[in-house]
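Read-outs: derived from the displayed coordinates by stated rules, not from any lab. Since we're looking at a predicted model, the values are computed, not measured. Please note: Cβ atoms are built from the backbone with ideal geometry, for glycine as well, and neighbour counts cover all protein chains shown.
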Amino acid sequence: MDERKVVDYLLSTLRMPAAAKARFFFSCGFRIEAWWELAEALKRHAQSNEVLHEVRSDYGMKYEIEGALRCPDGRFPVVRTVWQIDQDRLAPRLITAYPVA
């Protein structure tokens, strides 16, 4: 997973609405200094939860996944992630992640 996607998007407090996501992930024990912990937790999340929706777009297939995310603070909040497999790629890339209210 791209470090910039985690650090500059999911853990960035500079712009709304991304700042709300960052506050959520920080409250769960994730830190910028250990950004790879969030990246690995999101990968595990995608591997261990069911796909809710599949949507074909002009860019590839998008997959929405919802379920518990293992956090450093020991909690397991329900999170939705969106992944995309671009038409010219084999591996999925993270589009977004956020808590389910």
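Worth pointing out:
- Once the range 71-88 is narrowed to residues that are among the charged types (D, E, K, R) and touching a Cys at 6+ places or on another chain (Cβ under 7 Å), the residue that is surrounded by the most Cβ atoms within 10 Å (Cβ to Cβ) is Arg75.
- Screening the range 1-50 for residues that are touching an Asp or Glu at 6+ places or on another chain (Cβ under 7 Å) and not aromatic (Phe, Trp, Tyr) and picking the one that is surrounded by the fewest Cβ atoms within 10 Å (Cβ to Cβ) gives Gly29.
- Subset tally (residues that are under 15 Å from the mean Cα position of the chain (by Cα), assigned to a strand (DSSP E or B) and of a type in the set (D, E, K, R)) for the range 41-94: 5
Conditions (1) in contact with a helix residue (DSSP H, G or I) (Cβ under 6 Å, 6 or more places away or on another chain); (2) of a type in the set (Ser, Thr, Tyr), marked per residue:
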| position | (1), (2) |
| --- | --- |
| Val6 | yes, no |
| Glu64 | no, no |
| Ile85 | no, no |
| Thr96 | no, yes |
